[in-house]
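The values are calculated or read from the model by the stated rules, or taken from the named source; none is laboratory data. Since this is a predicted model, take the numbers as computed values, not measurements. A quick note on method: Cβ atoms are made from the backbone with ideal geometry, for glycine too, and the neighbour counts reach across all protein chains shown.
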Amino acid sequence: MAYKRITGGALSENCYVLYDETTKEAAVVDPGFVNDKLLAAIEPLTVRYILLTHGHFDHIEGADALREQTGADVLLFHKEAALAENPVLNASLSMFGVPITCTADRLLEDGEEFSVGSIPVKVLHTPGHTAGGCCYVTPDAVFTGDTLMGYSVGRTDLPTGDEAQLLASLKKLADLPGDPAICGGHGLVTTLSAEKRRNPYLRYLSQTQK
């Protein structure tokens, strides 16, 4: 298993290319843009899936172009479909005055599992930043979108956001086994143990459980 992080787009969002080093099968997580670095990263690979953690415009803007180029299916948690398809809900109209939308090819359920080559991927519903946000859990890394990212968390004041739900979702992530990489939608790639030490939200959860 390997992955590459490519940063770009209007809000410096992170896009990830997850791939099986043996089969060269790949998934692209949150293509909020398509740039030369992303195209170079996928050029030797066969992209099977485009995985969206949530439907905000800065995480979906490049999905249609990438789907057209690769033939990959776009996957999204079922509760997030309406937000991704609505430019008012996904904040593209309010922030840029331009409608950006995406319709998924396949809608996912909590706990659903699939594979990228030989890499197992599990869907973990993590509402809070949006109602249908999810994370993609693999053996070595968790692709967390804007739920948990670089010692911070996503905002909850946009449509369908909910602070109580976000705290519950962070608890789910804190309870994951091992010490996977935390590959968030913005900022640095960290680890779960580092987030527990340095992220004030996870530290708060830890203190409340004592």
message: Step by step: first the residues of the range 58-69, then only those that are assigned to a helix (DSSP H, G or I) and touching a residue at least 40 places away in the same chain (Cβ under 8 Å), then the one that is surrounded by the fewest Cβ atoms within 10 Å (Cβ to Cβ). Which residue is that?
response: ASP58
message: Could you tell me how many of the residues in the range 80-102 are touching a residue at least 24 places away in the same chain (Cβ under 8 Å) and loosely packed, with under 13 Cβ neighbours inside 10 Å?
response: 1
query: Quick one: SER152 ticks every box in (1) in contact (Cβ under 8 Å) with a residue 24 or more places away in the chain; (2) closer than 26 Å to VAL47 by Cα; (3) among the hydroxyl-bearing types (Ser, Thr, Tyr); (4) out of contact with any Gly (no Cβ under 6 Å at 6 or more places or on another chain) bar one, so which box is it?
result: (2)
query: Just to be sure, is ASP110 touching a strand residue (DSSP E or B) at 6+ places or on another chain (Cβ under 7 Å), under 15 Å from LEU202 (Cβ atoms) and assigned to a loop (DSSP other than H, G, I, E, B)?
result: no
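On the basis of being surrounded by 15 or more Cβ atoms within 10 Å (Cβ to Cβ) and in contact with a Cys (Cβ under 8 Å, 6 or more places away or on another chain), does LEU108 make the cut?
So LEU108 passes the test.
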- line: LYS37 meets each of (1) within 17 Å of the chain's Cα centre (by Cα); (2) in a helix (DSSP H, G or I); (3) free of Cβ contacts under 8 Å to residues at least 40 places away in the same chain with one exception, condition (1)
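Sort through GLY32, GLY55 and tell me the only one that's over 23 Å from GLY111 (Cα atoms), among the small types (Gly, Ala, Ser), at pLDDT 95 or above and part of a loop (DSSP other than H, G, I, E, B).
GLY32
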Selection count, the range 147-198, where residues are under 19 Å from VAL121 (Cβ atoms), out of contact with any helix residue (DSSP H, G or I) (no Cβ under 7 Å at 6 or more places or on another chain) and in a loop (DSSP other than H, G, I, E, B): 4
query: Does VAL74 fit the bill of being in contact (Cβ under 8 Å) with a residue 24 or more places away in the chain and surrounded by fewer than 14 Cβ atoms within 10 Å (Cβ to Cβ)?
result: no
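Here are ALA82, ALA10: which of them is among the hydrophobic types (A, V, I, L, M, F, W, C) and assigned to a loop (DSSP other than H, G, I, E, B)?
ALA10
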